[in-house]
1. Can you pull out every residue in segment 281-319 that is in contact (Cβ under 8 Å) with a residue 24 or more places away in the chain and among the β-branched types (V, I, T)?
2. Looking at segment 375-396, which of the residues that are assigned to a loop (DSSP other than H, G, I, E, B) and more than 15 Å from the chain's Cα centre (by Cα) is nearest to R318 (Cα to Cα)?
3. Just the residues that are under 21 Å from K553 (Cβ atoms), over 35 Å from the mean Cα position of the chain (by Cα) and in contact (Cβ under 8 Å) with a residue 40 or more places away in the chain, please, taken from segment 493-536.
4. Whether any residue in segment 365-374 is in a strand (DSSP E or B), buried (at least 18 other Cβ atoms within 10 Å of the Cβ) and over 13 Å from the mean Cα position of the chain (by Cα) is what I want to check.
5. Which ones in segment 682-736 are within 28 Å of K746 (Cα to Cα) and among the aliphatic types (A, V, I, L, M)?
6. Of the residues in segment 511-535, how many are touching a Leu at 6+ places or on another chain (Cβ under 8 Å), open to solvent by 30 Å² or more (accessible area, probe 1.4 Å) and at pLDDT below 95?
7. Exactly one of these conditions fails for V204: (1) over 19 Å from H377 (Cα atoms); (2) at pLDDT 90 or above. Give me its number.
Amino acid sequence: MNTVRRHRFRPSPITAMAESDLNCSSDTEAPELSESTESNRKKEPIMRRYFLIKILYKAALIFLGYAISYMQWSVVLLFVAAASLIWLENRDKTNVNKIKVKAAASSYTKQDLIKKIDEIPSWVKFPDRERAEWLNQVIAQFWPTLNNYIVKIFRGSIQNKIRKKYESFRFEGIDFGCNPPKIDGIKVYNSSSTKDSIIIDFEVFYDGNCDINFSVSGAEIGGLRDFQLSVEVRVVLKPLLLKLPLIGGVQVYFLNTPDLSFTLDGLSSIPGLSSVIRSKIEEKITKLIVFPNKITKRFSKSVAPSELRALEPAGVLRVHVFEAKDLMAKDITGKSDPYVILTVGAEEHRTNTVNQNLNPKWDYWCEFIILDPMSQHLCFKLFDRDNVNEDDFLGSGEVDIGGVLKGNTDQWIQLENAKHGLLHLRFTWLSLSAEINLLNAISEETKLLKVDNISTGILIVYVDMATNLPQTKHLVKPHPFIVLTVNDQKQKSKIKKHTVNPTWEQGFWFLVQNPHHDSLHLAITDKPTGNLLTQFSYKISDLINHPNMEISKTAFSLGNEESKIVLSLQLRILSNEKYEGEDDDSETDSEELFSRQSSLDGNSVRSRNSARNSPKRELIEPPMTSTSVATDHASPPIERSPSLNSSAGEHRLGRLEVTINYNEPRQRLVVTVHQISNLPLKDPSDIPDPYVRIKVMSHGITTGPTHRTKVLMDCCNPVYEETFEYPFSKPDVYEQALLFTVKTKKFFHNNTMGQVDINLKYIDLSEPYRTWFDLCHKPN
């Protein structure tokens, strides 16, 4: 069963060890193992007594609820409602101890951690990551000075930005405490995996006893306490120079969305408001520094800004959100309306909502642009849509993208922070290539998927600067920004104030569905007035004729000869080539986390017989032939005698021609109804108006949508040529049966003329299966 990355922590027994390190003391050292063991022995009777008190407390609450109902005290319901609101607010605190454990765990030895917890820090799991305790000692000594500097930033730039919207806002007291942040799991990539740069990854844990109070109009309205942070940071030093300062610049960004936790006091702690504030803080951080957003600093003027501010992606991760099983019921009907939100860094996609279903099938496709597949991971959360209240949480999880590159492309994932539930995800890794000859191959692959939002290439855009922009008002310079659009993808640049010659120096990425027809559109707008200053369009197909499908710092006219914009463009084609990254033998143990598991048994997932997944499998039962019929779910098809007169079928009810196929890339069962021959004509004045209804069933239960063909009037040999699709994974499709019912539509009556019942476990779906079936009588 797949779980989250091994070096990401959940609350565990080490919490008991970590509690002694949570006191504010800069010179406190990690306790010895013997002292910790003795302390745990003393705490055992206390924990038993606490457990008994907790049971009695819950029993008292149950009795209180019974008494309220018995005495019909309706006023008490107001207090119950208030308690429910508080509970809704506190349910987001399940990850509070998670960061505390991470911060404290970095103080213990490898042997202690292995004995106490299942999930250990990255420096224990991966030999190429270092603990760097010396660096934490330096930070601890430097923390008081850094603390004062951060306080000045809060009272300066941050407070001034907030006052632009709330003039009377003020930070009354700011104290970040004496617990410094801790750095752990440092990794420096070797020179073979980097190009003229130094890449450093490390994890930052902060569990500080901060105390921040703020006021509006002189009245203190709230405060922030117990701020916690856990994030993986990447620092890129590039390019390397032959003279001082030796490094041309630096890039800093978060590889994934950080884990945040904090407590709000005062008015800001009103139920519901705290969640809004937390989401706004996460949104600001994501837009500022979570990949693909970044912070850059240039050290040498000889380095072009594009070298620092444009990131070259490694490839594209295509995700197929296929289905989920055994989700929690959140509605009063005993069902849920589930949907999934998927994120990689700052990129986010959301599936459609499946109403009233605990085993939904979304069949949703999306794509993520990946910078480093060995370090980034895909996060997902499931929710139950609620039209009145806040959407209910159904579970979450993470997928290591590095595991996908190692072959774990089809995964059933156990939902975390949920009582039960599994999510079925399928992945495809697509590398980038400058070979235009690969476009035809990837285009044919996307046609087979029959999905509208699937891409064949990626467009990398670097906006350098613009000159001589028009002004909307005389003597008033505009505040220009650019909106870049490719199909339905829109991205916005930074706002440059009071200038007609803005310099943006920003990079953007766009997924391209068809390079021969898609275009890049730029609209430059004045922020204060909202007026369009100028616009520009570029056909992506023009890049194909340039060397290496790219242009660098080329000036384009913007409607007139004076206004120009300088762009760098690069087109890359998606391909199925293997990712060539750094070989990391230390991570081979984590491959076991993502072994494929295909079918369900209770709350677990078990693999099907591997022979069934093979295109050339040997069936236990004899395969269907072109003259066979399966009328019983438990019986194999019957071989027909060649001498049998089958013009109207064995039962003289007619014959049905269909094609059954399985599209493995799309995970869909494809059924085509071709025609019916020789339907019986009992009365020449009553010619049938036939149509075919198709049901998919398993053990007598309908498992898919019911489809029907069109109605053909007055016809005994109708030709339909209609195709229908049913989303099923390959292991599940062999457990289904197809029920074809031929009916005639006359006035208000739909009379059944015959049926065909086909058990798919007797059919080889490795290739399209087209044959005739005899119509049978409808069973009693």
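The values are calculated or read from the model by the stated rules, or taken from the named source; none is laboratory data. What you are looking at is a predicted structure, and each value in this text was computed from that prediction instead of being measured. Cβ: placed from backbone, ideal geometry, glycine included. Neighbour counts: every protein chain shown. In case anyone asks, the SASA skips ligands and DNA or RNA and just uses the protein heavy atoms, side chains included. Shrake-Rupley method; radii C 1.70, N 1.55, O 1.52, S 1.80 Å.
1. I285, T286, I289, V290, I295, T296, V303, V316, V319
2. Filtering first and then ranking leaves S375.
3. Result: T534, single match.
4. no
5. Selection gives I687, V692, I694, V696, M697, V711, L712, M713, V719.
6. 1
7. Against the list (1) over 19 Å from H377 (Cα atoms); (2) at pLDDT 90 or above, V204 comes up short only on (1).
Every residue, every condition in (1) open to solvent by less than 20 Å² (accessible area, probe 1.4 Å); (2) hydrophobic (A, V, I, L, M, F, W, C); (3) at pLDDT below 90, yes or no:
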residue	(1), (2), (3)
G654	yes, no, no
E657	yes, no, no
I660	yes, yes, no
R668	no, no, yes
P684	no, no, yes
P690	yes, no, no
I701	no, yes, yes
T709	yes, no, no
